[in-house]
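**Student:** First, the structure itself, so that you have it in front of you.
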Amino acid sequence: MALVAGTGSAVLLGGGVGLVVGVGLAVGVYRALARARSPADRRADLEEELLTRQLPLSAELLAACLGSAASPSVAVVAVGRSVGAPMGPRLVAIGAELALGAPPELCWSRLSEQHPSLAPLAGCMVRTSLGGAPAAGPLIGLAHARRTAAGRAAQARVRRAGVLATAPLGLCFLPAFVLIGVVPVVMGLTTRFALAM
């Protein structure tokens, strides 16, 4: 598509100008097409973002359930039923697999392969199932770390929005400042220097 657009414009305009415009158009079309994503890719990105948002709450609920001496399969199903989609159905499915006797490493590693944003949760649960250590501490730490990272990301977005909001104002007011404030002073000084000489 990019090659067709570039070649067409080069032939249409002809000469050196046509060649330059054709190459520029081909590069622009190629970049625009590379950034275009399919609806399935956009849905997958949205799902990963929602899973990332639900991760801290899910980790805290799992810590609470496991801290109350619930079995891992019961705790995972209970948390899955209490949080909404997209996290809930995934946790319910893992809880059902655990209740049927599936190896915890296999269930959690498959979840982390399918959804990389859930890899820290899966890692905590695998370490807990293999080592037998209580899961509450690592899960609470994971939830706290994720909330802190989300807060930092939100602050960075707010700072960036502030910069982006002031840029157009600077572009509008800077020429006015130069024309109204600087140019008259420079003209007055040059007039005085010209008269003094």
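**Student:** Identify the single condition in (1) loosely packed, with under 15 Cβ neighbours inside 10 Å; (2) outside any loop (DSSP other than H, G, I, E, B); (3) in contact (Cβ under 8 Å) with a residue 60 or more places away in the chain that P134 does not satisfy, given that it satisfies every other one.
**Tutor:** Going through the list (1) loosely packed, with under 15 Cβ neighbours inside 10 Å; (2) outside any loop (DSSP other than H, G, I, E, B); (3) in contact (Cβ under 8 Å) with a residue 60 or more places away in the chain, P134 breaks only (2).
**Student:** Shifting gears a bit: In this structure, is R110 modelled with pLDDT of 95 or more, of a type outside the set (G, A, S) and out of contact with any Leu (no Cβ under 6 Å at 6 or more places or on another chain)?
**Tutor:** No, not satisfied.
**Student:** Taking the condition among the basic types (K, R) and in a helix (DSSP H, G or I), does R37 pass? If you could, list the steps in order and put the result at the bottom.
**Tutor:** Details: among the basic types (K, R): yes; in a helix (DSSP H, G or I): no.
For R37, the condition - among the basic types (K, R) and in a helix (DSSP H, G or I) - is not met.
Residues checked against (1) at pLDDT below 85; (2) over 23 Å from the mean Cα position of the chain (by Cα); (3) of a type outside the set (F, W, Y):
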residue	(1), (2), (3)
L12	yes, yes, yes
A32	yes, no, yes
V79	no, yes, yes
L100	no, yes, yes
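**Student:** Looking only at the stretch 137-169, filter to residues that are closer than 16 Å to L55 by Cα and among the small types (G, A, S); which one of those is surrounded by the most Cβ atoms within 10 Å (Cβ to Cβ)?
**Tutor:** So, considering only residues that are closer than 16 Å to L55 by Cα and among the small types (G, A, S), the one surrounded by the most Cβ atoms within 10 Å (Cβ to Cβ) is A143.
**Student:** Just to be sure before I move on: is L130 closer than 18 Å to P103 by Cα and in the same structural domain as L106 (by TED's automatic domain parsing) in the structure I sent?
**Tutor:** Yes; evaluated as a whole, the condition is true for this residue.
Okay, residues lined up against (1) in contact (Cβ under 8 Å) with a residue 40 or more places away in the chain; (2) basic (K, R); (3) not in a helix (DSSP H, G or I):
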| site | (1), (2), (3) |
| --- | --- |
| A44 | no, no, no |
| Q54 | no, no, no |
| L62 | yes, no, no |
| A70 | no, no, yes |
| S73 | no, no, no |
| G80 | no, no, no |
| G88 | no, no, no |
| E97 | no, no, no |
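**Student:** Additional query: Can you tell which of S68, S82 is exposed (fewer than 15 other Cβ atoms within 10 Å of the Cβ), under 24 Å from A149 (Cβ atoms) and among the hydroxyl-bearing types (S, T, Y)? Please lay out each step first, then the result.
**Tutor:** Details: S68 fails: under 24 Å from A149 (Cβ atoms).
After applying the criteria, what remains is S82.
The values are calculated or read from the model by the stated rules, or taken from the named source; none is laboratory data. Bear in mind that the values here come from a model prediction, so they are computed numbers and not experimental data. A quick note on method: Cβ atoms are made from the backbone with ideal geometry, for glycine too, and the neighbour counts reach across all protein chains shown.
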